[in-house]
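A short reminder: the numbers here are calculations on the coordinates, not readings from a lab. Worth saying up front: this structure is predicted, and the values here are computed from it rather than measured. All Cβ positions, even for glycine, are placed from backbone atoms using ideal geometry, and neighbour counts span all protein chains on display.
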Amino acid sequence: MAAVRLVILGRQGSGKGTQAERLVANYGPVHVSTGNMLRAAVAAGTDLGLQAKALMEVGDLVGDDLINEIVAERLAADDVVEHGFLLDGYPRTPDQAAALEGFLTEVGAPLDAAVNLDVPVEEVTARMVARGRADDTEDAIRRRLDLYESETEPLLAWFAQRGLLDVVDGLADEETVFRRLTSVIDSRLSVGDAV
């Protein structure tokens, strides 16, 4: 099977993490999470990791330029080149998506699809409240979801304009949602194979 290159999107509480694990097991790409990447770059002591560490230690967010470089560095690694990737947590903005597109064009490996796991706000709120984490108050959840909406709506439009976006109904049991995801991804991959 050819290496797959996917982006998974979805509100917190949508089941994205669970489905990402299943997609990785099914298609074999490397699960590339920005949080894990930042920690790995810091642990490895790379130049980019040291820059990120300095920002994180003073509580600053890692800016687009640096995160784009860290992602590009990770996507150029042998395991990702060989097996493809499932990006989780990146891109977060159209600017980051454009940087990703530029890097993938440069290496001749375009994105196969961006899949948005769509679960209504009321449902993800109920799921997060039910988890019972201390930081999962209804106000905190609402703020996080509002931020996600404001950041992600333009990103969804960006992928849709390029014909890369598939929206999958995430309101069902885990197995049904997984079948919906693999159905749209398989459809994308078979179109790519036919080209």
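For residue 11, nonlocal amide neighbours, meaning residues 5 or more places apart or on other chains whose placed amide H falls under 5 Å from its own, are 119. Quick one: Debye curve from the alpha-carbon atoms of segment 75-179 only, equal weights, vacuum; give me log10 I(q)/I(0) at q = 0.13, 0.16 Å⁻¹ to two decimals. Reported log10 I(q)/I(0), two decimals: -0.62, -0.88. Under a 5 Å amide H cut-off, with hydrogens placed 1.01 Å from N, residue 32 pairs with 86, 87, 88 among residues at least 5 apart or on other chains.
Between residue 107 and residue 46, the FRET efficiency from the beta-carbon distance, with R0 = 22 Å, is close to 0.70.
For Cα pairs less than 8 Å apart in space and 6+ apart in sequence, what is the mean separation divided by the residue count of segment 4-194, i.e. the relative contact order in percent?
Numbers: 229 pairs, mean separation 58.2, N = 191.
Across segment 4-194, relative contact order equals 30 percent.
Over all distinct Cα-Cα pairs of segment 36-132, the Kirkwood formula returns a hydrodynamic radius of 15.4 Å. Qualifying trypsin sites (Lys or Arg not before Pro) in segment 100-164, where qualification requires a DSSP coil assignment and no more than 16 other C-beta atoms within 10 Å, comprise 133, 162. Think of segment 4-194 as a dipole: +1 on every Lys or Arg Cβ, -1 on every Asp or Glu Cβ, centred on the Cα centre; then among 89, 14, 164, 14 lies furthest on the positive end.
Relative to the current alpha-carbon distance between residue 126 and residue 3, full extension at 0.36 nm per residue lengthens the span by 40.7 nm. The alpha carbons of the chain give a radius of gyration and a Dmax of 16.9, 50 Å, in that order. Distance from the alpha carbon centroid of segment 1-74 to that of segment 105-140 works out to 15 angstrom.
Counting each DSSP H run of 4 or more residues in the chain as -39500 (n - 2.57), what helix-only mean residue ellipticity at 222 nm follows after dividing by all residues, to the nearest 500 deg cm²/dmol? Don't skip to the end; give the middle numbers.
On the way: 9 runs with 121 residues, N = 195.
After summing the helix terms and dividing by residue count, I get -20000 deg cm²/dmol.
Shape of segment 108-168 from the C-alpha gyration tensor: prolate (a/c of 1.5 or more and a/b above b/c, with a ≥ b ≥ c the square roots of its eigenvalues). Shown in residue order for segment 134-150 are the 3J(HN,Hα) couplings computed by the Karplus curve 6.51 cos²θ - 1.76 cosθ + 1.60 at θ = phi - 60°: 4, 8, 9, 6, 4, 5, 5, 4, 4, 4, 4, 5, 4, 4, 4, 4, 5 Hz (x for Gly and Pro).
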